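The block underneath contains the structure these notes are about, expressed in structure tokens.
A short reminder: the numbers here are calculations on the coordinates, not readings from a lab. Bear in mind that the values here come from a model prediction, so they are computed numbers and not experimental data. Cβ placement follows ideal geometry from the backbone for every residue including glycine, while neighbour counts extend to all protein chains displayed.
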Amino acid sequence: MRPSDAYVVGKREYLVRIKGWGFWFATFGLPLFMAALMAVPALLMTRGHSAQRLALVDTTGELAGPLRERLASAEREGAQVVAFDLRVLPPEPDAAAQRARLDRMVLADEIDAWIWLDEEDLGRGRFEYHSESVSSWLTQEVLQGVVSEVVGAWRLRRAGFDTAQIADLTRGVDLETVKVSEGGSRAEGGFGGVVLAIFLFTILYAVLILYGTQVMQGVLEEKTSRIVEVVTSAVRPLELMLGKLVGICCVGLTQLAIWIAAATLLTAPGVLALRTMLPEGLNVPSFTPGLVLHFLALFLIGFFLFATFYAMVGAATNNMQEAQQLASFAIVFLVAPMFFFMQVINDPDGRLAVVTSMIPFFMPLVMMLRIAVKTPPMWQLAVAYTLAIATTCGMIWLCARVYRVGILMYGKRPTLAELWRWVRYA
Amino acid sequence: MTLTLELRDVRKTYGDVAAVRGVTMEVPAATIFGLLGPNGAGKTTTIRMIMDIIAPDSGEVLVFGHPRTREDLRRIGYLPEERGLYRKMTVVDQLVYLGELRGMKRRESLPRIAEWLERVELSAWGKKKIEELSKGMQQKVQLVGTVLHEPDLLILDEPFAGLDPINQSLFRDLLLDYRRRGKTVVLSTHGMLLAEKLCDHICLISAGAVVLAGELRAIRRRLGGNAYRLRAKGDLDRLAEVPGIERVAAEDGLVKLLLAPDADGGRVLRELVEFLDVEEFRSEEPDLEEIFIKAVSGAAV
């Protein structure tokens, strides 16, 4: 093993990628893409402030007024996601005819929806909502909340309470989340923590796949272009492999450094541009140095865990199609946490979270989630890191053995038995 | 005689297939040495073992007079049979990298790269990516990459395979130039015509074992058998009666005579002039092609 040779290899891998447009495209494109993914729906929602044209028929004669008031006050506070343009229609003697006409108005797009409030229905605890689209759950939920509130107050008034009393009795409470951590409790928007966790999780997932695939392509390129034989006549396969892994890892670290620097800058106090974009009540989660260190450590572990696998796949196959088929084994481990990340965020110390974070191939992604929402117990961190690092070392060893033989083997794809023989070659 | 490269009973087995079964060969300094043999004879495996790309099961490889070390590999220029380049790198970057792999600093290699590109007429292409080059140009870049670090020993595996005539002569001139400067060239090939023109020494392997080795001229003399070529007028039918002549074969105006192993050419000639008008009588050396086929097909040599 001659480190200087691995360095020469690594330097090439690094420079070739940093000089390529792909790196800069991913560096700037990925955050923009993610931001767009989060921001565009939010923007569309706020822009789509085109109020719902809602017709109301109130047969009780006592609800229309309070309901209009309640909707107006909600809009003034800006708390409502959905706005309503309320049109109160007097009840007609022929209810069936009126209902039919209202339906026609919906179809003719004169109104978006209509509701019918009458005493009998409300007594049974329900009211009717008619619309062309009955799947607009957000609208319905808001409407149901507002109507419930108004009807509740109406019932209390009828039971003899006065308005001031009602307001006092029905005042809601807000949940204020405080994250408790070793370094003392810090107030943090619960939702902000979740956003941070998902953000870091997604970034880690993306870079692990991105750079794992690059390792695989790099190995395959050398193998299919046959340059590998010239290179291995000058450097040992182990040096070539390590140089390649470390070089590409440094490309990943460079990218993460750029992102972390940008994120730190943008979330620094005083950066109003970002603050004003965020919904009210959402605290900007802070990048503590500890969190950044964990993130980098998890990237390193995840990278070597998966990149060695990708390198083996590249060495054992002859072309991209073959390689991609085999690489899907790695993808399984990377995608699986997508299916349970919500549970992990919700219960970061639950059995699912603890067990999966102890399994080395899940550890980087799951641990990232856990650390972002709540610092796990020290012993769990120690066990998870130790297991993952040990497995990573094992993977590097295994990869070195398969790689050494595989890069000079052309022809048919090896069977598992043949791969095992490669590993056992002295 | 100084040996640049020496193999001592080198063996390599893959599974149950013995690829190389005890190859011993000696490559004298300042020669062009041909490692010959049919496809699948074990030439590439032998070369890979010389280059330490694969390890022999047993046997020894000595270069420059001592067991091979990693430092020695930097004094060797190696062009494998299956050769390629990084498609996305520029010509100069690529060559700088190949130099670095052999311990050359960028600033040392840049002037040499410029010089070499000039020599192979690729100066204008230095900043281009490999994928933009024609196949012939890529071959030139590969050649420059092989000799850039001024190796003392060149090992070329089938160097002429797939070369256009211009590159063939370029490669050939380079090899001759190398020998003139006292360096050693080992080339493997199954192209006998080229080997015949270039090589001083050969080692013929077949099915993983050496069947014939030594100085080409000596081998030819030895294997020529006792064959002579005769151009003469007269009663050619009497040739078969001359003592010492074993076989007569006439081919368009020429007669090939195969003498008994102990017969002397001079004495036979004196017999012939008795009854023939001899215009030409000369000892005939077999060409390499014949030797090759004879040796490989199992004839005793």
* To do: Return B:Trp116, A:Trp397, A:Trp114 ranked ascending by Cβ neighbour count within 10 Å, so the fewest neighbours appear first.
  => A:Trp397, B:Trp116, A:Trp114
* Kirkwood Rh over Cα pairs of chain A into Stokes-Einstein at 20 °C, 1.002 mPa s: D in µm²/s? -> 82
* To do: Round to a whole angstrom and tell me the spacing of the C-alpha centers of the range B:51-71 and the range A:352-389.
  => 48
* Asked: How many percent of all Cα-Cα pairs in the range B:4-154 sit more than 19 Å apart?
  -> 58
* Structure fact -> Once B:Asn39 and B:His190 are pulled to full extension, the length gained, defined as 0.36 nm per residue separation minus their Cα-Cα distance, is 53.6 nm
* Ranked packing of B:149-157, B:103-111, most packed first, by mean Cβ within 10 Å -> B:149-157, B:103-111
* To do: Note down the magnitude of the dipole of chain A about its Cα centre, charges +1 on Lys and Arg C-beta and -1 on Asp and Glu C-beta and zero elsewhere, to the nearest 20 debye.
  => 2660
* Asked: What does the convex hull of the Cα atoms of the range B:200-301 come to per residue, in Å³, rounded to a whole number?
  -> 110
* **Cβ-placed point charges (K, R +1; D, E -1), dipole of the protein assembly as shown about Cα centre in debye, nearest 20** => 1880
* Structure fact -> Most exposed first, judged by fewest Cβ atoms within 10 angstrom, A:Asp109, B:Asp200 run A:Asp109, B:Asp200
* To do: Evaluate the Debye formula for the protein assembly as shown with equal point scatterers sitting on the alpha carbons, no solvent, and hand back log10 of I(q)/I(0) at q = 0.10 Å⁻¹, in q order, two decimals.
  => -1.06
* Averaged over A:219-232, how many beta carbons belonging to a partner chain fall within 10 Å of each residue's beta carbon? -> 6
* Among B:Val120, B:Ala218, B:Ile291, whose Cα sits farthest toward the positive end of the charge dipole of chain B (+1 at Cβ of Lys/Arg, -1 at Cβ of Asp/Glu, about the Cα centre)? -> B:Val120
* To do: With everything on Cα atoms, drop me the angle between helix A:21-47 and the longest principal axis of chain A, reported from 0 to 90° to the nearest 10.
  => 10
* To do: Sort the range A:49-173 into rounded, prolate or oblate with this rule: let a ≥ b ≥ c be the square roots of the eigenvalues of the Cα gyration tensor; rounded if a/c is under 1.5, and if a/c is not under 1.5, prolate when a/b is larger than b/c, oblate otherwise.
  => oblate
* Cα-based equivalent ellipsoid of the range B:225-284: semi-axis lengths in Å, sorted from largest, via gyration tensor -> 15, 12, 11
* Euclidean distance of C-alpha centroids, the range A:121-141 and the range B:233-264, integer Å -> 117
* Taking B:Lys88 as the anchor, which aspartates and glutamates have their alpha carbon closer than 12 Å to its alpha carbon, excluding any fewer than eight residues away along the same chain? -> A:Glu13, A:Glu221, A:Glu222, B:Glu131, B:Glu132
* To do: For the pairs A:Lys244/A:Lys374; A:Lys11/B:Lys135; B:Lys256/B:Lys294; A:Lys244/B:Lys105; A:Lys223/A:Lys412; A:Lys223/B:Lys197, note any where the Cα-Cα span goes beyond 25 Å.
  => A:Lys244/A:Lys374; A:Lys11/B:Lys135; A:Lys223/B:Lys197
* Within the protein assembly as shown, helix-based [θ] at 222 nm, where runs of 4 or more DSSP H residues each add -39,500 (n - 2.57), nearest 500 -> -17500 deg cm²/dmol
* Structure fact -> With +1 at each Lys and Arg Cβ and -1 at each Asp and Glu Cβ, the charge dipole magnitude of the range B:3-220 around its Cα centre, to the nearest 20 debye, comes out at 440
* Ranked A:Cys250, B:Cys199, criterion: other C-beta atoms within 10 Å, fewest first -> A:Cys250, B:Cys199
